[in-house]
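A short worksheet on the structure shown next.
Throughout, read-outs are computed from the coordinates displayed, never taken from laboratory work. From a predicted model like this one, the values you see are computed outputs, not experimental measurements. Positions of Cβ are backbone-derived with ideal geometry, glycine not excepted, and every protein chain shown enters the neighbour counts.
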């Protein structure tokens, strides 16, 4: 027993000599491995594997998307779907339709639907993996609004693709079975009726899928699938905040990282947000044809340092002049109302309108001429030229709206009143500087209006601007037409217009 105790004590002493404690050993502090430390590679392998999987699936998505939208292929799918439906009716009616020819049509349709099914499947997998990545290793893109809508849209598209290819495959099998039967058999009529039913379903899904092909862009693949859901009622940085509200979660996360990277790349009197706002303004004026490319470059150099200018001119950079033009086109297609306000402000500045040069307060608003599904976006622009700070109230009265009356208490910033008409390249009243001051020092409200879904026809909306004493400073009335059918200002149509606008600039 004593020998066992001595042996155990000797083993313990050897173990203490070989394994240092957490205290000081030999005058130095022992550092034990920490699998969750900053210098540890624990967990990095899984993140790299996810990024690698995203690249592989995205490459497959891009390949099959290009195959599915080859020139003439979408139109051919629609044409053969119509021919298959009509021909199936002829076979059911017992005319001179050939079963062999009908079988060939549906086999061709089955082959044409395979690339689109693969493109939609890989698009869904790529989007799901993309939205699981971490932004700058800190937060997940799943926290951004609109993620569920994007995934649900892609999932619905995959279901439609599977439905139509299943319909044409079953139709092919049914026609093949008919070819082995006598024409007088009652089962032949049942199978032909089944082919008519399935070909009709395939045709409806083809027409629905024909409207828009998602994730055709390599730079911003999720942008065309995003619809703005949440936004602030007051817009501080007008064009920047509006653009960010219409970015998909992946692009919004990259935008935040890009803005943070510009901290040391802007001029002394600028911040990253103010510099980007100035660049977006001159890009809009360039879009209107008021500024040429040389002036665009010179205005960029006013707010950005050389390092940032190099990035804006680099085609490999995610956010450069070309990509910012596309994002502006996307935003303009979604919210033309705010751009109409800016264009009217620019026109009033160039003409020296009395609402800018003489009035103490300027009120302007924009509402879509037609609102679908009882929803619309009201933009209100207020300028305080009274040379003194004041608290105001904005009353919004929407006939039959929900709510029908809103009152907002606000403190608009002071705005410097132009002395006369502004011109391009002027020394004291240059349009770029004047418009920049007018946009930066105004109050812009983005108010969502709603009406009951059963309401239709023209509805007026009145906006009253009241001063500190309750006096009416300005009042405007606009009207919008409520409709439940197709509407160029509707969400689905604006999403399609935005995708077309971005695709047009990318070619």
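General observations
- Unit Cα scatterers, Debye sum, region 329-420: log10 I(q)/I(0) for q = 0.13, 0.17, 0.22 Å⁻¹: -0.56, -0.90, -1.18
- Among 330, 155, a tally of other beta-carbon atoms within 10 Å of each Cβ gives an order, fewest to most, of 155, 330.
- Residue 90/residue 128 FRET efficiency (R0 51 Å; Cβ-Cβ; nearest 0.05): 0.75
- Of the residues 372, 386, the one with the fewest other Cβ atoms within 10 Å heads the list, and the complete ranking is 386, 372.
- Taking 0.36 nm per residue of separation and subtracting the Cα-Cα distance, full extension of the segment from residue 302 to residue 204 would add 29.9 nm.
- Order of 434, 266, 114 under a 10 Å beta carbon neighbour criterion, fewest first: 114, 266, 434
- Length released on extending from residue 320 to residue 370, taking residue separation times 0.36 nm less the Cα-Cα span: 14.5 nm
- Shape of region 225-506, Cα gyration tensor, a/c cut at 1.5: oblate
- Zone of residue 389's modelled label, taken as backbone nitrogen in region 401-422 under 11 Å from a point 7 Å along Cα→Cβ: 411-414
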